[in-house]
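The values are calculated or read from the model by the stated rules, or taken from the named source; none is laboratory data. Since the structure is predicted, the reported quantities are computational estimates derived from the model, not experimental observations. Here the Cβ positions follow ideal geometry from the backbone for every residue, glycine too, while neighbour counts run over all protein chains shown. Just the protein is used for accessible areas: all its heavy atoms, side chains included, with ligands, DNA and RNA removed. Shrake-Rupley method; radii C 1.70, N 1.55, O 1.52, S 1.80 Å.
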Amino acid sequence: MKQNKLWIIPCVFFAACCVLNLAGCLTEGQLERCVKPALMPLLCVTTFTWLLGRAGSVARPCLAPLLLCAQLFGYAGDTMLMGSGFAFFAGGIALFLVGHIFYITLFGKQSLKGLKPWQWAAGVAAGMACTCLLAFGIGVKGVMLVPMGIYGFVLMMLIFSTLMGVIRFGGATWWILLCGAVLFTFSDSLIAVRNFGSLSPFMGGFGVMVTYLAAQSLLAVGSLRLIVSR
């Protein structure tokens with residue numbers, strides 16, 4: 001069956017907006033704020049149209065809503081983080097946390113299924129240890145340790161869910177997903193350093209966005225490969 005190429009149209013617009021967004025970060029003007037709200041909706045439309053063109057060959061259609069929900073919560077988090085003040089920061093982080101849970105559920109339906117208790121224990125223990133090292137390394141203190149610790153642990157579980165896919169199944173798909181999860185963690189770490197450490201807003205903004213856009217793109221590509229693979 002011939003597959004349509006409608007997804008190319010929103011994909012081109014997404015790529016163009018990525019370039020404009022990064023250019024806006026470098027120039028410190030209003031361009032970045034104008035373009036940013038369009039990024040995740042365009043990626044979501046690209047994902048939807050790509051899946052629509054392969055409706056007859058999707059092996060795991062139940063995973064598609066999880067991917068779309070993760071991307072939509074990413075859009076909501078992006079929008080919230082554009083505001084100033086603690087409420088916007090906390091709201092944006094909370095929305096991204098929900099998005100990460102959708103991603104973990106998507107990947108975990110295959111990579112975490114049937115794990116032995118000792119594997120779960122090792123993954124959780126390693127996740128908690130890495131979260132503590134990350135939090136103290138960044139310099140998070142006081143009341144923010146708990147919420148940022150929870151968010152950091154969810155990020156570690158995102159990495160764990162993709163790492164187990166690499167260990168158990170291998171293949172390019174799981175490596176793509178692991179790279180996306182690691183880049184997402186790095187991007188969010190830069191946000192934390194910018195807010196709690198000494199990273200300048202200029203370099204932090206560009207670094208956050210280039211790693212974030214790469215992460216979301218890799219997670220989208222890997223997830224789509226996972227959804228259609230048999």
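Observations
- Contact annotation: residue pairs with Cβ atoms under 8 Å, 6 or more positions apart or on different chains, pairing a residue in the stretch 171-184 that is of a type in the set (S, T, N, Q) with a partner that is crowded, with 20+ Cβ neighbours inside 10 Å, are Thr173/Gly165; Thr173/Gly222; Thr173/Leu226.
- Against the numbered list (1) buried (at least 18 other Cβ atoms within 10 Å of the Cβ); (2) more than 20 Å from Ser187 (Cβ to Cβ); (3) touching a residue at least 40 places away in the same chain (Cβ under 8 Å), Gly74 comes up short only at (2).
- Test: Ala129 is open to solvent by less than 60 Å² (accessible area, probe 1.4 Å), free of Cβ contacts under 8 Å to residues at least 40 places away in the same chain and more than 19 Å from Gln110 (Cα to Cα): yes
- Consider the stretch 132-146 and keep the residues that are of a type in the set (A, V, I, L, M, F, W, C) and exposed (fewer than 15 other Cβ atoms within 10 Å of the Cβ). The one that is modelled with the lowest pLDDT is Val143.
- Those residues of the stretch 77-87 which are in a helix (DSSP H, G or I) and open to solvent by 30 Å² or more (accessible area, probe 1.4 Å), in sequence order: Thr79, Met80, Leu81, Phe86, Ala87
- Condition met for Ala76 (at pLDDT 85 or above and either out of contact with any helix residue (DSSP H, G or I) (no Cβ under 6 Å at 6 or more places or on another chain) or of a type in the set (Lys, Arg) (or both)): no
- Filtering the stretch 88-100 to residues that are of a type in the set (Gly, Ala, Ser) and at pLDDT 85 or above leaves Gly91, Gly92, Ala94, Gly99.
- Test: residue in the stretch 37-52 that is of a type in the set (A, V, I, L, M), over 17 Å from the mean Cα position of the chain (by Cα) and not in a helix (DSSP H, G or I): no
- Looking only at the stretch 154-179, and only at residues there that are assigned to a helix (DSSP H, G or I) and open to solvent by 60 Å² or more (accessible area, probe 1.4 Å), the one that is nearest to Ala125 (Cα to Cα): Leu163
- Some residue of the stretch 50-68 being open to solvent by 50 Å² or more (accessible area, probe 1.4 Å), out of contact with any Gly (no Cβ under 7 Å at 6 or more places or on another chain) and of a type in the set (Phe, Trp, Tyr): no
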